[in-house]
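Written out below as structure tokens is the structure these notes cover.
The values are calculated or read from the model by the stated rules, or taken from the named source; none is laboratory data. These figures come from a predicted structure and were not determined experimentally. Every residue, glycine among them, receives a Cβ derived from its backbone with ideal geometry; neighbour counts consider all protein chains shown.
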Amino acid sequence: MKHRTRGRILNRNMTHRRAMFRNMAISLFAHERIETTIAKAKELRPFAEKLVTVAKRGADALESAGDKTDAEKIARAEALNHRRILMSQLGGKKYVITKEDGKDVEINVVDKLLKEIGPRFKQRAGGYTRIVKLATRRRGDAAETAIIELLSANEPAKKKEKKSAPAPVIAE
């Protein structure tokens, strides 16, 4: 029995898994939606949501950062700390996206997290991603596929509906 173990191994060793989740998270934050297998999407979700939470806190610290008072200096130090946490998880590399018109655009994913994605979820307590299962399977190995995407800023949380008990059948 494997007690107190969590997460899927995904047929990879630890360093390969860590690199895979780092690459998938970078793609998710750059494109805001990626297509992958269901198992990988379910494992990527907590990894990505923790990074969004760090980005939220870093964005709050950036807003209150200034140069004059001690509180502003502390806020600036907190913002730097959150940036360094994100860089340790994602790396500080630029990510190149090719747009539809053929132009290449360089994006620093850490900057995008702190300046766009973090402030977008300022009012949200959690649940920043959505996994949508696709009906089609991947060619080649027929793996079930899903799309994992970041939610929009004002999208409400979806509440699960409780199933009501079936109506009693009255025999006549």
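The table that follows gives values for the structure above.
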item: Unmet criterion (only one of (1) within 22 Å of N23 (Cα to Cα); (2) at pLDDT below 90; (3) of a type outside the set (D, E, K, R); (4) assigned to a loop (DSSP other than H, G, I, E, B)) for Y95; result: (4)
item: Total residues in the stretch 66-91, condition closer than 27 Å to S152 by Cβ and among the hydrophobic types (A, V, I, L, M, F, W, C); result: 5
item: The stretch 82-120 - residue that is among the basic types (K, R) and in contact with a strand residue (DSSP E or B) (Cβ under 7 Å, 6 or more places away or on another chain) and, of those, surrounded by the most Cβ atoms within 10 Å (Cβ to Cβ); result: K94
item: In the stretch 1-47, the residues that are assigned to a loop (DSSP other than H, G, I, E, B) and under 20 Å from L151 (Cα atoms); result: E32
item: Subset of the stretch 121-131 that is under 13 Å from the mean Cα position of the chain (by Cα) and not aromatic (F, W, Y) - its residue that is surrounded by the fewest Cβ atoms within 10 Å (Cβ to Cβ); result: G126
item: Test: K73 is surrounded by 11 or more Cβ atoms within 10 Å (Cβ to Cβ), within 20 Å of the chain's Cα centre (by Cα), at pLDDT below 95 and basic (K, R); result: no
item: Any hit, the stretch 137-148, residues being of a type in the set (G, A, S), surrounded by 12 or more Cβ atoms within 10 Å (Cβ to Cβ) and in a strand (DSSP E or B); result: yes
item: All positions within the stretch 44-62 that are hydrophobic (A, V, I, L, M, F, W, C) and at pLDDT 95 or above; result: L44, F47, A48, L51, V52, V54, A55
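Conditions (1) part of a helix (DSSP H, G or I); (2) under 16 Å from R22 (Cα atoms); (3) among the hydroxyl-bearing types (S, T, Y), marked per residue:
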residue	(1), (2), (3)
G66	no, no, no
E72	yes, no, no
R76	yes, no, no
A79	yes, no, no
S88	yes, yes, yes
E100	no, no, no
V105	no, no, no
K112	yes, yes, no
